[in-house]
Amino acid sequence: MSHYRFPADGVAIVFGGSGGLGSGVVELMSRSGADVAFTYFKNKDAADALIGKVEENGRQGMAASVDLMDIKAVQSFVDSVTERFGRIHSVVFATGPFLNILPIMDAEPEVFYETLDTDVKGFYHVLRAVVPALRESGGSITALTTAAIHKYISTDGLSSIPKAGVQHLCTAIAREEGHHGIRANCVAVGLIAVGLSQEIESPPGGILDQWTKQTPLGRAGAPAELFDTVVFLASENAGYISGQSLPVDGGYSA
């Protein structure tokens, strides 16, 4: 059992829960005493295995394949979660498109539009579904963004531009829904040794080398260092933190 506190009733939802980042958040939340529902894209085997880990931690798990571009599908998933578990107390947005590393003017318009949709429209659909449920008894929204919002690296526009939209949506929710007891924060992710950063094809001297050299701690972050931060912000331990973007980046954005 970890030291993060979650309400005894209700459930946490992790959108993108089966990925390299989301799965670690799901596991830590369940070890912290939370039942967890999560979405995945295509990998049902990975989702089933993750539910097994949640149950090993003594909690209930629920998973569904949900297309975040389909607002009705997102709402249907949230409705099914509340029908099974009652209230929602925490929401984590841990999904996003594959990172295309190239100059922004080299991106085909269709790629640019799709990347914006996957991040900004997808998160907006999530908010439309979960905020009305959170208004009933309060709760937290935590979105994973990127440290590139705070300090830009050339050719990383397809990451930073959409995630900036996600961050500003979080800010809007924090300002506009706080009187309902809803908190909204972002975790600005730096170079972490898990997830999309491990899938980038980057030659010597490329973006990963640049990022590492500009990181004062001189290394990639360990996955647990990110998971702990996300779960802390989502938990009751962070009950007076809202409207913030917390970089987990080894000092890169300082």
Subset of segment 120-162 (residues that are part of a helix (DSSP H, G or I), of a type in the set (Ser, Thr, Tyr) and within 16 Å of residue 190 (Cα to Cα)): 159, 160
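Answer with yes or no whether residue 67 is of a type in the set (D, E, K, R), surrounded by 20 or more Cβ atoms within 10 Å (Cβ to Cβ) and in contact with a helix residue (DSSP H, G or I) (Cβ under 9 Å, 6 or more places away or on another chain).
Numbers: of a type in the set (D, E, K, R): yes; surrounded by 20 or more Cβ atoms within 10 Å (Cβ to Cβ): no; in contact with a helix residue (DSSP H, G or I) (Cβ under 9 Å, 6 or more places away or on another chain): yes.
No, not satisfied.
Condition check ((1) assigned to a helix (DSSP H, G or I); (2) open to solvent by less than 50 Å² (accessible area, probe 1.4 Å)) across all residues:
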| position | (1), (2) |
| --- | --- |
| 208 | yes, yes |
| 211 | yes, yes |
| 217 | no, no |
| 224 | yes, no |
| 228 | yes, no |
| 231 | yes, yes |
| 240 | no, no |
| 246 | no, no |
| 253 | no, yes |
Single residue of 198, 210 found to be farther than 28 Å from residue 27 by Cα and either in contact with a Phe, Trp or Tyr (Cβ under 7 Å, 6 or more places away or on another chain) or at pLDDT below 90 (or both): 210
Yes/no for residue 73 being touching a strand residue (DSSP E or B) at 6+ places or on another chain (Cβ under 6 Å), in a helix (DSSP H, G or I), open to solvent by less than 60 Å² (accessible area, probe 1.4 Å) and modelled with pLDDT of 95 or more: no
Selection count, segment 152-162, where residues are open to solvent by 20 Å² or more (accessible area, probe 1.4 Å) and either under 14 Å from the mean Cα position of the chain (by Cα) or over 16 Å from residue 99 (Cα atoms) (or both): 0
Members of segment 1-32 that are in a loop (DSSP other than H, G, I, E, B), open to solvent by 10 Å² or more (accessible area, probe 1.4 Å) and closer than 16 Å to residue 49 by Cα: 16, 18, 19
Output for segment 30-72, where each listed residue is more than 19 Å from residue 2 (Cβ to Cβ) and of a type in the set (Asp, Glu): 45, 48, 67, 70
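The values are calculated or read from the model by the stated rules, or taken from the named source; none is laboratory data. If you're wondering where the values come from, they're calculated on a predicted model, not measured in any experiment. Here the Cβ is made from the backbone with ideal geometry for all residues, glycine too, and neighbour counts use every protein chain on show. Accessible surface is based on the protein model in full, side chains and every heavy atom, while ligands, DNA and RNA are left aside. Shrake-Rupley method; radii C 1.70, N 1.55, O 1.52, S 1.80 Å.
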